[in-house]
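Structure, as structure tokens:
The values are calculated or read from the model by the stated rules, or taken from the named source; none is laboratory data. Computed from a prediction, not measured in an experiment: that's the story for all the values here. Please note: Cβ atoms are built from the backbone with ideal geometry, for glycine as well, and neighbour counts cover all protein chains shown. Calculation scope for accessible area: heavy atoms of the full protein, side chains included, ligands and nucleic acids excluded. Shrake-Rupley method; radii C 1.70, N 1.55, O 1.52, S 1.80 Å.
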Amino acid sequence: MIILLYYKLLEKREKNLNMVTKKQHYYPRTLLKHFADDSNKFHVFMNLANKDKFKYINYSNVCVANNTYEVDSKEKISKSVNGLEHKFGFLEQKLGPIIDKIIKNYEIKIWSSPNIGVSEEEIDFLYLYMFIQFIRTDRGRINFIDASNKDYVSREYPISIQEIQSRKDDIKKFNSVFTKEGNFEKLLTILKKPKIMNFHVFTGDFITSDNPVIGLDDWEQIFMPISQNLCLGFQTDRFSCSNNTIVSISKEKNEYLNHSQIETANYFIISKNKFNSNMMSYIKSRFSDSDWQKKTTHFKKKK
């Protein structure tokens, strides 16, 4: 009986792997859900909306696109279809319980000395996943292709939505490379957390976007919000100012990270609460001012 049940489970797993998923999230719902309220909704600025761009919608309806990880959206159904989507999916299955645990442990012990309760192995995985999350978006895939060129020069300002729309072939190139057996797995073995990187969970008031991972100071500081109140972070010894895992972020740094989400966003900016007037003004200026890149100094290199 046990053997029969085991084979049925294997059969079901194989069937699920061969099912074609058309709608593919590039920011997984296992992360997005923590910004939603009890009705599974959050507040969103939708850059591509025709009229009212500020909306209040279900979290599963954002950061999703049809066949975004396929080499050719018109290719015939085969085992290779959804190959990259499934690779990301396996990582999400491991990620979800870790994020849930961090949030739960913080909330339970919020009035004492909270213990996040993550192992070194889980911290190493979080470091790996944050890089994967960075490169799996449209912007990230183009960045990855650019960075693979020997004459690559880092950008002063993030990729615009106009450039994304003109570089669909590079996005497909990324998909093609990592759909091939072994390439994605090889990448995972390379993404090891350096010993000088210190893990923190920052507390504050955070928003997120379709490009949630922020790399600062040549990636010596890496941040990814996981809820309205918590943000994962890795910092080199040069920037880490605390031996504690949980660190209360300063108001100025909190605002800087939220502005970073707005600056790097292409399609969506997400908040559990309604955007306040200052935030709405910043968002509108960033997306409506044609000279914004010339005016903002947010991502400019220091002279």
Practice item. Determine the alpha carbon to alpha carbon distance for each of Lys251/Lys294; Lys55/Lys94; Lys22/Lys168; Lys274/Lys295; Lys150/Lys173; Lys22/Lys186 and list only those over 22 Å. Key: Lys251/Lys294; Lys55/Lys94; Lys274/Lys295; Lys22/Lys186
Check your understanding: Net charge near Gly96, counting Lys/Arg +1 and Asp/Glu -1 over other residues with Cβ under 14 Å of its Cβ?
Key -> +2
Revision key, fill the gap. Whole-percent carbon and sulfur contribution to the accessible surface of region 126-217 (1.4 Å, no ligands, DNA or RNA) stands at 53 percent
Review point. Say we join alpha carbon atoms closer than 10 Å with springs in a Gaussian network model of the chain; which of Arg286, Arg238, Arg139 then has the biggest fluctuation?
Key: Arg238
**Study point:** Antiparallel DSSP beta bridges within the chain, percent to nearest 5
**Key:** 90 percent
Check your understanding: When only Cα pairs under 8 Å and 6 or more residues apart are kept, what is the percent relative contact order across region 187-278?
Key -> 37 percent
Review point. Could you name the aspartates and glutamates in cross-link range of Lys192, using Cα to Cα under 20 Å and dropping any fewer than eight places away on the same chain?
Key: Glu92, Glu120, Glu121, Glu122, Asp124, Asp217, Asp218, Glu220, Asp237
Review point. Radius of gyration and Dmax for region 219-293's Cα atoms, expressed in Å?
Key: 14.1, 43
Review point. Among Lys41, Lys22, Lys195, which one moves the most in a GNM of the chain with springs linking Cα atoms closer than 10 Å?
Key: Lys195
Review point. Is region 114-172 best put as rounded, prolate or oblate by its Cα gyration tensor, with a ≥ b ≥ c the root eigenvalues, rounded for a/c under 1.5, and otherwise prolate when a/b is larger than b/c, oblate when not?
Key: prolate
Revision key, fill the gap. Over region 91-220, with neighbouring protein chains present, the accessible area per residue in Å² at probe 1.4 Å is 50 Å²
